[in-house]
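A short worksheet on the structure shown next.
Any read-out appearing in this document is the output of simple, stated calculations on the displayed coordinates, not a laboratory observation. These figures come from a predicted structure and were not determined experimentally. Backbone-built Cβ (ideal geometry, glycine too); neighbour counts: all protein chains shown.
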């Protein structure tokens, strides 16, 4: 039995390895495992690189696609910039009440549509104005066509449905700063006529003197331009406008056909600004034309005027004076309007104005004070109080027409 | 004293913004009065015959406010009122607006007559900087 046990032990020793031999195997296996791990690491690294390369390829394609999209967007913007037709407009609703025989009234004063197109050196502009001022006697006789400033013969359109008129329709070629040519129906070049729109004026109504001096508009040809000399961040500029047009266009197409033409001009000096002085403009105007009387006879009509606009910090001053002469009779008028822009949205103003015209038997001095609230550049709310003082003139015969009167007006204006 | 002394600063030295144009635009500098006319759309053509296409920033941006104050001596609000006046009387609309430097640079790169401005330091070599003379 003992011999058998020794034989088994001897056999086991013969088939098994010694301990030092097992340790060598473990070390070899560890080395192999480490090498395999390194290989796997390298493979993972290469996999990352391949994946990164694939990702980069996709990004560049995306960038290219995006660039093309953006290019198209830019081209689209450019296209729209160069070919866009501009459509805008404004709306003015007014309430007026005074001590005249006319009742207090709400007036849809203006609804204007503006259409414009600019193509390189050419510019087209059109304004279609729809007026709907109820034709109360006071307005009919004294306002003389409202904002248009013309005279409406008594007894015509009393429907209160208003009228549609093309106020502007002109085409302009801008050769350079010195020379521009504009043809068509356009506003007279005086400051208030150019800026008489409800969005651009502080008051709800225009100065009374405008009714009888320069014509509000002209149909013809105007040449204008500017010569300027830089002066610091500003410049000294000389603007000119000269025009040749039909006589007394408004409301009288027959006058259009007559041979005699009117002509006029305007020279404006824009003084350099700086510091608190933001604007200092001085201008002189001249008009020579013929005007049709009730008999349709054309008579000579000469008007000249001066004007100025000054802006110092929040203070603004506008003033115009004009004097006209027809058939040996002289008429004149003016307004002076100081204003203070209290905040960005609130402006308060005062205006003194006068008209003295034997032609329409009217001589009045008017004081006007008001507030203008402009919450946005496109919206204005206005309110004003005015007092009219008829002047003692021989041509004012009615006692009623000699009495001073007070009035109140308010308006809401929207530009769109 | 009404006159303001003339100063000339290279565009890169301006703290607030730089005026940029298309790289092939031959114009290298502009008086600030001409820059005013360009952004008021009163100058319509470059001397080399390309149509001027000014691009402005969104009205709420800081750079727009600084540009308005330093170039026009007016607030953005006053300029908005100016454009209402121009729109009604001249039929002109304000320049189109964009909201980022990237969009503006992209536009200027793509449109030969374009002119715009970006915050100083944000311009790149895809556009050309203009030297503005007489800037406040």
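According to the square roots a ≥ b ≥ c of the eigenvalues of the Cα gyration tensor, what is the shape class of region B:24-94, taking rounded for a/c under 1.5, prolate for a/b larger than b/c otherwise, and oblate for the remainder?
oblate
Relative contact order for chain B using alpha-carbon pairs under 8 Å, separation at least 6, rounded to a whole percent?
It comes to 50 percent, rounded to a whole number.
Give the average, rounded to an integer, of partner chain Cβ atoms located within 10 angstrom of each Cβ in A:271-278.
4
Arranged by the count of other C-beta atoms within 10 angstrom, fewest first, what order do A:95, B:17 take?
Final ranking by Cβ density, sparse to dense: A:95, B:17.
In what order do A:245, B:100, A:231 fall by count of nearby beta-carbon atoms within 10 Å, going from fewest to most?
Going from least to most buried by this count: B:100, A:231, A:245.
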